1. Using a Gaussian network for the chain with springs between C-alpha atoms less than 10 Å apart, which of these wobbles most: 238, 189, 169?
2. How tilted is helix 14-38 with respect to the longest principal axis of the chain? Cα atoms for both, answer in degrees (0 to 90, nearest 10).
3. When only Cα pairs under 8 Å and 6 or more residues apart are kept, what is the percent relative contact order across the stretch 69-263?
4. Go ahead and collect, in residue order, the members of the stretch 166-199 whose backbone nitrogen is under 19 Å from a label point 7 Å along the Cα-Cβ direction of residue 148.
5. Which one, [x] 24.6; [y] 19.1; [z] 42.3, gives mean projected area of the Cα convex hull in nm² as derived from the coordinates shown?
6. As a test of the definition: which semi-axes, in Å, follow for the stretch 132-174 when you take the square root of five times each eigenvalue of its alpha carbon gyration tensor? Largest first, please.
7. Please work out the FRET efficiency for the pair residue 255 and residue 93, using the Cβ-Cβ distance as r and a Förster radius of 30 Å; give the result to the nearest 0.05.
8. Testing the spin-label approximation: label points 7 Å from Cα along Cα→Cβ at residue 23 and residue 294. State their distance in nm.
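Every number in this text was worked out from the coordinates using simple rules, so none of it is lab data. If you're wondering where the values come from, they're calculated on a predicted model, not measured in any experiment. Neighbour counts are summed over all protein chains in view; Cβ atoms, including those assigned to glycine, are modelled from backbone coordinates with ideal geometry.
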């Protein structure tokens, strides 16, 4: 036997092929299979979940109890009855569940006082385009642990055909029983065909991770039942096939590209951004930001996050701290926002060029999410 140069595969030599060719070829094939599996096939985009390592938090999410609300980018919670408190948590250095993958954050969900048949708590991400995984086998995997006991987490694939489309289709994927130590779990699901369906606007495939479900949702949640406790998750991956390959982010490990993928659904202006515009009066200006990436759809509003300080500048001098920033209009590539300010020195004049500077905080453009 010989050894390959880069991957150190065991390769048959001439005499091996003559004396025991089938075994030698099988040995080589197994070595190649193992190498490919351990590299996760090296495919950016194999994981259809964006921000599966919870590395992007443009909303500066700290805690949430409200149903149908986003926390980490691309992640939403749904809950009815009792309470479901979600929060970002930070790994102790060296404690991330995958050796060699030092992630910063994980997501925690705390359910309490749930008891009724209609009560539930769910983590959710919508994968754009209902064609994704259609008529294919998919594997859902994630790392999880509980604060105590051995509760269950159930997975579900929910084909949403969008506005004007066919009715949604729910496919339970099964449940896993988790422990108090970080462990990777996976379930495999046969996603239904979309043959004969009508696809409307905003179609998607939603992946639900149920942590509590009353009797009303027993089928969808694989009968996990009402569960009150603390659930931690990280490293969520959904991919084609029946095997959970090693976790990687949707971008293949690129921090910048993962952020860009999130900004398709939530464009943002961050600290230090300068946005040029034109004054419409002595106290009003319109500025025209360009988005870092093309948005999924045109935004319909803005949210200002931790915006403590910004300025409007004209003729080389600061005209004053704006008293209001308001949404005006937008396309998928940029927007127009209004900036109202007190009269400064010098006074801005109609038609005069100026620019808005974000000294701190973030302006988020909303309405692009699924």
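1. Of 238, 189, 169, the Gaussian network model singles out 169 as fluctuating most.
2. 30 degrees
3. Values: 495 pairs, mean separation 53.0, N = 195.
Rounded, it is 27 percent for the stretch 69-263.
4. Within reach of a label on residue 148: 178-182.
5. Structure-derived value, by its label: [x].
6. On the way: eigenvalues 162, 32, 14 Å².
Square roots of five times the eigenvalues give 28, 13, 8 Å.
7. Values: r = 18 Å, r/R0 = 0.59.
Computed FRET efficiency for residue 255 and residue 93 comes out at 0.95.
8. 5.7 nm
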